[in-house]
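One structure below.
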Amino acid sequence: MVKEMKVCITSMSDNLEASIDPHFGRCRYFVIADPDSMEFESFENAGSSGPGGAGVQAAQQMINRGVTALITGSVGPNAFSLLSAEGVEVLMAAEGSVAEAVSAYRTGSLKKLEAPNSPGKK
Amino acid sequence: MKIAVASGKGGTGKTTVAVNLALSIGKVQLIDCDVEEPDCNLFLRSDIDKYQDVILPVPRVDGNKCIQCGKCVQFCQYNALAVLSSGPMLFPQLCHGCGGCMLICPENAITEDERITGVIERSRSDARIDLWQGELFTGEPMASPVIRQLKTNIREGEGEVVIIDSPPGTACPVIASLRDVDYCILVTEPTPFGLNDLMLAVEVVRQMGIPFGVIINRNGMGYDGVEVYCNSGDIPVLMKIPDKRQIAVLYSEGIPFVMQMTEWKGHFLKMFEDVCRQILSTKEN
Ligand code: SF4
Ligand code: SF4
């Protein structure tokens, strides 16, 4: 069976027209879209204002929801180690709208993040 | 009586104040809570012995027993745990060692391990000042448990004077150091930056409900913003330490300045009396 594609974009708001929120752990919303049908769901990031470990919490959410690829601007070391251990692809996009990010994903023009690019927070 | 010396940022002369105050009073217990950089003894130069280890309980997860139910993850308020499809993963740098995940796990997959994260040390009995210090090992992220354990060695009792040298800043280790103190001396410099950091520190001690006063160190730089702020907010300025070459030279040689400029012992003692009076009057109100 082909695994269903679920792409998560960190977002400023809860819809496809919203701008990308570049910080993974502290982003406001997550938008999870199916790149083929453009069907999507969104939810608030509960960890956006919590104390520490926001990246771990956000990564756990991705894993729980079976996300296959994450599109965001920056990921800290803890979150990155979880995402890569689970085989979630991390792709870079720091600007533009969520919909634009999904189309860029479809054309394969997003750059893959190979290592954490934010210092994270203790 | 427990008096803490704190400041909104490092390098303002906090340790200088703590050490000189301790030496002026004489019979005190001095607790160096700046466990990431204990430096009181750079000035006291006492022989120090190890007193005890600081042991933090850390969870160890058995991947074979874990059924990936995620209960531990939900429980951990520090987000130190995550569960992958291959099993659980612990982030020791985020773990506060509360032990909750071990209790919550329905499969008993989490057991308690221990990690020595620091050490408590004490000066020998013949030292001028009964100095206690904690040291957080390099690479260990949690200063607060070391501070809390260090503070369990405080002697409470009638007539005991305890001076606590807090770490700089306003984060958790500062709160851990200031908890339960009777008074806080905030040390600052007469500069716009000093004022900014002072205001942050004032917010913390006010929230904690600790009576406090301010010492202006390196006074005489021509900026009066700190004094204006203190006066307008009814904050007592306890002492002004002048920006004097002799004090700077003694500091750089690691000599507490009251040892050579002995008239300052009197100034510190008088300030100590003022502090005691302020503590009493707050207690009465
Ligand atoms: S011991 Fe406490 S802080 Fe550490 S992982 Fe378990 S629940 Fe989290
Ligand atoms: S609570 Fe126990 S069984 Fe459940 S995920 Fe955590 S370690 Fe595994």
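So what's the net charge close to B:ILE110: Lys and Arg +1, Asp and Glu -1, counting the other residues with Cβ under 12 Å from its Cβ? Walk me through the numbers on the way to the answer.
Numbers: positive: B:ARG60, B:LYS65, B:LYS71; negative: B:ASP62, B:GLU107, B:GLU112, B:ASP113.
Net charge in that neighbourhood comes out at -1.
What residue among B:PRO106, B:VAL119, B:PRO141 has its Cα farthest toward the positive end of the dipole of region B:102-145, where the charges are +1 on Lys, Arg and -1 on Asp, Glu, each on the Cβ?
The Cα lying farthest towards the positive end belongs to B:VAL119.
Provide, as a two-decimal number, the C-alpha radius of gyration of region B:13-59 over 2.2 N^0.38 Å, N being how many residues it has.
Working: Rg = 13.4 Å, N = 47, 2.2 N^0.38 = 9.5 Å.
This ratio for region B:13-59 stands at 1.41.
Can you tell me what percent of all Cα-Cα pairs in the protein assembly as shown are more than 30 Å apart?
54 percent
Run the numbers on region B:104-147: which residues show a drop of 20 Å² or more in accessible area, chain on its own versus all protein chains together, using a 1.4 Å probe over heavy atoms?
Hits at the 20 Å² cut-off: B:PRO141.
Loop only per DSSP, at most 13 neighbouring Cβ atoms within 10 Å: give me the GluC sites (Glu not before Pro) in region B:173-258, ordered by residue number.
Loop-located and lightly packed - B:GLU253.
Between B:LYS27 and B:GLN52, how high is the FRET efficiency from 1/(1 + (r/R0)^6) when r is the Cβ-Cβ distance and R₀ = 22 Å? Nearest 0.05.
0.40
Compute the distance in nm between two label points, each set 7 Å from the Cα along the Cα-to-Cβ direction, one at B:ILE154 and one at A:SER49.
3.2 nm
Only loop residues by DSSP count here, and only those with at most 12 other Cβ atoms within 10 Å; note down the GluC sites (Glu not before Pro) in region A:71-122 that meet that.
When the GluC sites (Glu not before Pro) of region A:71-122 are filtered for loop state and at most 12 Cβ neighbours within 10 Å, A:GLU95, A:GLU114 remain.
How high is the relative contact order of region A:7-112, in percent, counting Cα pairs under 8 Å that sit 6 or more residues apart?
Relative contact order for region A:7-112 comes out at 31 percent.
Net charge near B:PRO57, counting Lys/Arg +1 and Asp/Glu -1 over other residues with Cβ under 15 Å of its Cβ?
Neighbour charge sum, excluding B:PRO57 itself: -2.
Of the DSSP beta bridges with both residues in the protein assembly as shown, give the percent that are antiparallel, rounding to the nearest 5.
50 percent
Report, in listed order, any pair from B:LYS2/B:LYS283; B:LYS50/B:LYS151; B:LYS151/B:LYS265 with a Cα-Cα distance greater than 18 Å.
Over 18 Å apart, Cα to Cα: B:LYS151/B:LYS265.
If you add up the charges near B:MET271, with Lys and Arg at +1 and Asp and Glu at -1, over every other residue whose beta carbon is less than 12 angstrom from its beta carbon, what do you get?
Residues close to B:MET271 contribute a combined charge of +2.
For the pair B and A, how large is the buried accessible area, both sides, in square angstrom to the nearest 100, if the probe is 1.4 Å? Don't jump to the answer; show the numbers that get you there.
Values: alone 14170 and 6430 Å², together 19500 Å².
Looking at B and A, the buried total is near 1100 Å².
How large is the convex hull of the Cα atoms of region B:55-116 per residue, expressed in Å³ as a whole number?
It is 70 Å³ per residue.
Given the convex hull over the Cα atoms of chain B, what projected area results after averaging over all orientations, in nm²?
Numbers: hull surface 69.5 nm².
For the Cα atoms of chain B, the hull's average projected area reads 17.4 nm².
Which one of A:MET38, A:PHE80, A:THR68 has its Cα pushed farthest toward the positive end of the charge dipole of region A:7-112, where Lys and Arg give +1 and Asp and Glu give -1 at the Cβ?
Value: A:PHE80.
Which residues among region B:1-15 fall inside the zone where the amide N is under 16 Å from a point 7 Å beyond the Cα of B:GLN207, along Cα→Cβ?
Label zone hits: B:7-9.
What FRET efficiency comes out for B:VAL249 versus B:GLU114 if R0 is 35 angstrom and r is the Cβ-Cβ distance? Round to the nearest 0.05.
Working: r = 46 Å, r/R0 = 1.32.
Efficiency, rounded to the nearest 0.05: 0.15.
Carbon and sulfur together cover what percent of the accessible area of region B:166-285 at a 1.4 Å probe radius?
Taking all protein chains in place, region B:166-285 shows 53 percent carbon and sulfur surface.
For region A:7-112, just run the numbers: alpha carbon Rg, then divide by 2.2 N^0.38 Å, N being how many residues it has.
That ratio works out to 0.94.
The values are calculated or read from the model by the stated rules, or taken from the named source; none is laboratory data. As the structure is a prediction and not an experimental result, all values here were calculated from the model. All Cβ positions, glycine included, derive from the backbone under ideal geometry; neighbour counts span all protein chains shown. All accessible areas refer to the heavy atoms of the entire protein, side chains included, with ligands and DNA or RNA removed. Shrake-Rupley method; radii C 1.70, N 1.55, O 1.52, S 1.80 Å.
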